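Quick notes on the structure that follows.
The values are calculated or read from the model by the stated rules, or taken from the named source; none is laboratory data. All values reported here derive from a predicted model rather than from experimental measurement. With ideal geometry, Cβ positions are generated from the backbone for all residues, glycine too; neighbour counts draw on all protein chains shown. The protein model used for the area step is the full one, side chains on, heavy atoms only, and it has no ligands, DNA or RNA in it. Shrake-Rupley method; radii C 1.70, N 1.55, O 1.52, S 1.80 Å.
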Amino acid sequence: MTTFRHLMTGLATAALLASGAIAEELTIVHGSIGRDQENLRDQLDRFEAETGHTVTIVSMPESTTDQFGQYRLWLSAQSSDIDVYRLDVIWAPQLAQHFVDLSPHVQDIIDDFVPAAVESQTVDGKLVALPMFLGAPALYYRADLLEKYGRDVPTTWQEMTETAQIIMDGERAEGDDDMWGFVFQGAAYEGLTCNAQEWIVSNGGGRIVELDGSIGINNPAAAEALTLAASWVGGISPEGVLNYKEEDARGVFQSGNAVFMRNWNYAYALAAGEDSPVRDSFAVTTLPTGGDGLPSAATLGGWHLGVSAYSEHQEAAIELVRFLNNYDNQKERAIELSRPPTLTAVYDDPEVAAEQEFIPLWKPVVDNALPRPSAATLRKYNEVSAAFWTATHNTMSGDGTAEENLARLEAELNRLRGPRW
Ligand code: GLC
């Protein structure tokens, strides 16, 4: 069967080349996390076999903030070295000018995509990137430990804090010195912005910048949320959480050393993987709230594929973007990587439901996920986010109270905004 398929693909390639199609050498850049790169390589191998083009992966560091810095350097130098960029959902407004408008090239397929995802990548009518996968975090928890200690799945941050403390103390008393209560992304980067916006919105403290561009973040509910989070550091969370990104948190949880973890969807397939020590003992729920009547908030994440305006192989690059986002490839990512698709129909695919229960389960959370204010703050988003994660990180490091840091943040946001965003 495999040999037959190879033979057929070989023939298809030969036919393509004979028909005069030019084989191009493309480059795609993306940040590697979990098994993303392995899966991408497999899909690229199939693209190469089908089209005769070759594609090289340029791998970036895990942190989206580090990637943004590097991407900005390449793009402002108008470098033709990279053809396709995997772009964080938040970047479209800031980077739009450097990308090809994909809308005329995807008219035949765009209606199959989740409308909100397309909207997030559309800037002044230009489609900056074709949506690849979405993200909405979960609270991962150790169902076995909750049962052992007779604790309910927490619905508020207060309950989560108490339960984490009780179980961590109990496990340590039994000799498990490595056990922690809660791990998350606490390093000073975009990941902390996502976590902290969830704590604050779910406590009724509003958004970093409201949808209409107004700034109300310096308020008691926001301060209360940050104060609680600061109490975790060195308590239910290791001091080192102040340097944790996604993979650090996953490493602790997946090796069995944390009761709770906040993380994105990709962690599910890995924690449920055959080699995972917690594969039979963890479960997921929505992130807690600040109390009765308050909403759970899950930040909207995701990564999308844009074609560089400086690429010398734009046609082949567009072909690649379409290929990587086609039904089969999205379905494979949903099953193997638990990455929420951007094609609506993949959510209803019975094989996806059978092989990756997290995807249909999480559809409503993805649908209701909370965007960051990248549209409201336009070209200033990165600076806005940096000011916000700095205020949060300082509070959690004991450098000023939440009230002091939020007052400073408010002044900084007003300065960044000036008369308008
Ligand atoms: C995930 C999300 C992305 C977010 C990042 C923060 O990769 O998909 O949108 O910016 O985490 O660390």
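At a glance:
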{"item": "Directionally averaged projected area (convex hull, Cα atoms, the chain), nm²", "result": "21.4"}
{"item": "Low-density loop cleavage sites - GluC sites (Glu not before Pro) in the range 119-179, where at most 14 other Cβ are within 10 Å (DSSP)", "result": "E174"}
{"item": "Extension gain, Q37 back to E336 (0.36 nm per residue minus Cα-Cα distance, nm)", "result": "106.4 nm"}
{"item": "Inter-site label distance for E315 and E274 at 7 Å from Cα along Cβ, in nm", "result": "4.4"}
{"item": "Reciprocal mean inverse distance between Cα atoms of the range 274-322 - Kirkwood radius, Å", "result": "15.9"}
{"item": "Per-residue SASA entry for Y140, accessible area with 1.4 Å probe, Å² rounded to 10", "result": "0"}
{"item": "Using alpha carbons only: equivalent-ellipsoid semi-axes of the range 237-337, gyration tensor based, whole Å", "result": "33, 18, 15"}
{"item": "Mean Cα-pair separation over length for the range 138-274, i.e. relative contact order, pairs under 8 Å, 6 or more apart, %", "result": "35"}
{"item": "Global geometry of the range 299-421, whether rounded, prolate or oblate, following the gyration tensor of its Cα atoms and the 1.5 cut on a/c", "result": "oblate"}
{"item": "Normalised contact order of the chain, rounded percent, pairs of Cα under 8 Å and 6 or more residues apart", "result": "24"}
{"item": "Spin-label zone in the range 229-258 - amide nitrogen under 11 Å from a point set 7 Å from the Cα of S281 along the C-beta vector", "result": "254-258"}
{"item": "Compactness of the range 192-299 as Cα Rg over 2.2 N^0.38 Å, two decimals", "result": "1.18"}
{"item": "Contour minus Cα-Cα distance for S255 and D124 (0.36 nm per residue)", "result": "42.6 nm"}
{"item": "Amide hydrogen neighbours beyond the local backbone of G31, cut-off 5 Å, H modeled", "result": "M60"}
{"item": "Fraction of accessible area attributable to carbon and sulfur, the chain (%, probe 1.4 Å)", "result": "50"}
{"item": "The chain: calculated mean residue ellipticity at 222 nm from DSSP helix runs of at least 4, using -39500 (n - 2.57)", "result": "-14000 deg cm²/dmol"}
{"item": "Per residue, the convex hull volume that the Cα atoms of the range 339-407 enclose (Å³)", "result": "138"}
{"item": "Estimated FRET transfer efficiency when R0 is 41 angstrom, pair S76-E404 (beta carbons, to 0.05)", "result": "0.70"}
{"item": "Sites D111 and S214 - FRET efficiency at Förster radius 45 Å, r taken between beta-carbons, to 0.05", "result": "0.85"}
{"item": "For the range 108-217: relative contact order, % (alpha-carbon pairs under 8 angstrom, 6 or more apart)", "result": "9"}
{"item": "Per residue value of the accessible surface for the range 206-337 (all protein chains in place, 1.4 Å probe), Å²", "result": "36"}
